[in-house]
Amino acid sequence: KGLMPNPKTGTVTFEVEKAIGEIKAGKVEYRVDKAGNIHVPIGKVSFEDEKLVENFTTMYDTILKAKPAAAKGVYVKNVAVTSTMGPGVKVDSS
């Protein structure tokens, strides 16, 4: 499911040079699953703590800016960070 290239998701493009430039510049796309969870990579285990915090902060701010104007109530209820096969660690996002 969702593995085929699709113009909607940006995996098919006629502007190859632009797409390569965006990827090299660090473009990251995130998706929301059926339960409302957002899955997005913020780094690797080998990254320094400061870099992971910077990436997390940037990602979190981007998600809050993407909040639809029609969305009411609490937009982000809780946050957890995990490695690929590791346990989730809750994060105080305030």
Computed [θ] at 222 nm, helices only, for the chain once each DSSP H run of length n ≥ 4 contributes -39500 (n - 2.57): -9000 deg cm²/dmol
Under the Karplus curve 6.51 cos²θ - 1.76 cosθ + 1.60, θ = phi - 60°, whole-Hz ³J(HN,Hα) for the range 41-46, x wherever Gly or Pro sits: x, 10, x, 10, 4, 6
Once R0 is set to 22 Å, what does the formula 1/(1 + (r/R0)^6) return for the Cβ-Cβ distance between THR82 and LYS24, expressed as a FRET efficiency to the nearest 0.05? 0.25
If neighbour count is taken as other Cβ atoms inside 10 Å, put MET4, MET59 in order from fewest to most. MET4, MET59
Along each of the three principal axes of the Cα atoms of the range 7-91, give the extent in whole Å, ordering the values from largest to smallest. 40, 39, 22
Where GluC sites (Glu not before Pro) fall in DSSP loop in the chain, at most 11 other Cβ within 10 Å: GLU15, GLU29, GLU48
For ILE42, ILE20, what ranking results if the residue with the fewest other Cβ atoms within 10 Å of its Cβ goes first? ILE20, ILE42
Under 10 Å from the Cβ of GLY10, count the other residues' Cβ atoms, weight Lys and Arg +1, Asp and Glu -1, and hand me the total. 0
Would you mind checking the pairs LYS27/LYS72; LYS18/LYS77; LYS27/LYS67 and listing those with alpha carbons more than 30 angstrom apart? LYS18/LYS77
Stretched fully, the stretch from VAL45 through LYS72 gains (0.36 nm per residue minus C-alpha distance, one decimal, in nm) 6.2 nm
Give me the mean projected area, in nm² to one decimal, of the convex hull enclosing the Cα positions of the range 50-94. 3.9
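Throughout, read-outs are computed from the coordinates displayed, never taken from laboratory work. From a predicted model like this one, the values you see are computed outputs, not experimental measurements. Every residue, glycine among them, receives a Cβ derived from its backbone with ideal geometry; neighbour counts consider all protein chains shown.
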